[in-house]
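Participant: A single structure is presented below for examination.
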Amino acid sequence: MCKMRVVVRREMLGAREQAWSVWNGKEVMEYTGNQIKSLIKSGQKVCGLALKDNELVSDAEGFFTTNIMEHRYCGNFTPMIENESVMANVFYIVIGSHEEKGVTYYDCISTKFEQTAFNESDVRAYLRLGIISGGARLGADDKIELAPLEYEKAEETKQEEKKEGGAKKK
């Protein structure tokens, strides 16, 4: 079974990396850089990070990660990639979507561990401003593209197996 692991922020002590805060769908866990490298090397997915030349980098291709927030000390949040166009001290990462009364909402977790949902127009605006740092991007015709989450694939496979198993029993 695949587990969802989404990198929320990087914990720092001055200029030294301490840990990575990772959302697993229920709680926030902390992993060292070496633990994350081991997970990626073993074939497990850690949404938001990729391995390049044995270094952890933002996963711009697979999870559409543009930036990662760093928590340096009490109340100090700084984007990992300092950019003059992004003057935020909080980022949101899209972790899914759902519909309510015909309206699509995008589920997010913030770098301060707030769980929330935004409608399509808010997500478009936040993507343009750089406040949403991963999990979604604007595609062709200004449509919102969601990054694939590993745990969704595992659940879909289980449901398909149950359907096939039920059909065989009859």
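The values are calculated or read from the model by the stated rules, or taken from the named source; none is laboratory data. No experiment lies behind these values; they were computed from the predicted model shown. No Cβ is skipped: glycine too gets one built from the backbone with ideal geometry, and neighbour counts run over all protein chains shown. We work out accessible area using only protein heavy atoms, side chains counted, and drop any ligands, DNA or RNA first. Shrake-Rupley method; radii C 1.70, N 1.55, O 1.52, S 1.80 Å.
Participant: I'd like to compare 29-38, 95-104, 58-67, 130-139: which one has the highest average count of other Cβ atoms within 10 Å, and what's the full order after that?
Facilitator: Details: 29-38: 14.4, 95-104: 11.8, 58-67: 19.2, 130-139: 21.8.
Per-residue Cβ counts within 10 Å, averaged per peptide and sorted highest first, yield 130-139, 58-67, 29-38, 95-104.
Participant: Sticking with this one: List the pairs from Lys26/Lys143; Lys26/Lys52; Lys37/Lys143; Lys52/Lys143; Lys45/Lys101 whose alpha-carbon separation is above 31 Å, in the order I gave them. Mind dumping the intermediate values first?
Facilitator: Working: Lys26/Lys143 29 Å; Lys26/Lys52 29 Å; Lys37/Lys143 33 Å; Lys52/Lys143 29 Å; Lys45/Lys101 33 Å.
Violating the 31 Å limit, Cα to Cα: Lys37/Lys143; Lys45/Lys101.
Participant: Next question. What is the packing order of peptides 105-111, 120-126, taking the mean over residues of other C-beta atoms within 10 Å and listing the highest first? Provide the component values of the computation, followed by the final result.
Facilitator: Numbers: 105-111: 20.0, 120-126: 16.1.
Ranking, from highest mean packing down: 105-111, 120-126.
Participant: In terms of the Cα gyration tensor, with a ≥ b ≥ c the square roots of its eigenvalues, is segment 39-133 rounded because a/c is under 1.5, prolate because a/b exceeds b/c, or oblate? Please list the in-between numbers first.
Facilitator: Values: a/c = 1.92, a/b = 1.28, b/c = 1.50.
Here segment 39-133 falls in the oblate category.
Participant: Over segment 8-131, with the other protein chains present, what is the accessible area per residue in square angstrom, probe 1.4 angstrom? It would help to have the intermediate numbers written out before the result.
Facilitator: On the way: 6960 Å² over 124 residues.
For segment 8-131, the solvent-accessible area averages 56 Å² per residue.
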